[in-house]
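Visitor: I have a structure I would like to understand better, so I am pasting it below and will then ask my questions one at a time.
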């Protein structure tokens, strides 16, 4: 049975090397109407989709069995693909990083893409988990520099700045990206980029056995005014 995983939670995948991009992939913020749904509801939806991404796309690895939906993807209002790319994430891959597999969770995926289209409302989530032998501090410094080339970076680390105060214009306020309860623990880092309806997230967490876990997420939502 599929479980629930936060963007900075546990996840697993294929233990093979990635061809990490040395330059950030281009990213065009889509023109999306302001959603009538509260940010909390959008966050809940995105979390549920991420759970599907990382836990419900089937086992990794080769198989002699015919290709299934988990291997080829499917679409029926819900679109699920068993992998994603740095281009789709709109984020650079850390040099030398590998897709991350945590012990005991080999049946999960390290990267995937899930989309829900209900006509009046839609969510698209791409996510990837990686591991690097470098320290969390080194990885965080690299991403802080790379993300700054893409736009203003919101630092949601434990010692990051406080969120911006609410705007008087409620419609405009819904577009302001904030950390909220998404704060990294001491020693870890969490960066956000974009706005509430089109955001990219990089979560960096030190591993007890050495090295660093990276979680890259891109969430896009649309909805009626």
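A short reminder: the numbers here are calculations on the coordinates, not readings from a lab. All values reported here derive from a predicted model rather than from experimental measurement. Glycine also receives a Cβ, built like all others from the backbone with ideal geometry; neighbour counts cover every protein chain displayed.
Visitor: Measuring from label point to label point, each 7 Å out along Cα→Cβ, what is the residue 87 to residue 183 span in nm?
Guide: 4.0
Visitor: How much length, in nm to one decimal, is gained on full extension between residue 172 and residue 158, taken as 0.36 nm per residue of separation minus their Cα-Cα distance? Let's see the in-between values first.
Guide: Numbers: separation 14, 0.36 × 14 = 5.04 nm, distance 2.66 nm.
Extending this stretch completely gives an extra 2.4 nm.
Visitor: May I pose another question? Alpha carbon centre of the stretch 97-157 versus the stretch 185-218: separation in Å?
Guide: Their Cα centres are 6 Å away from one another.
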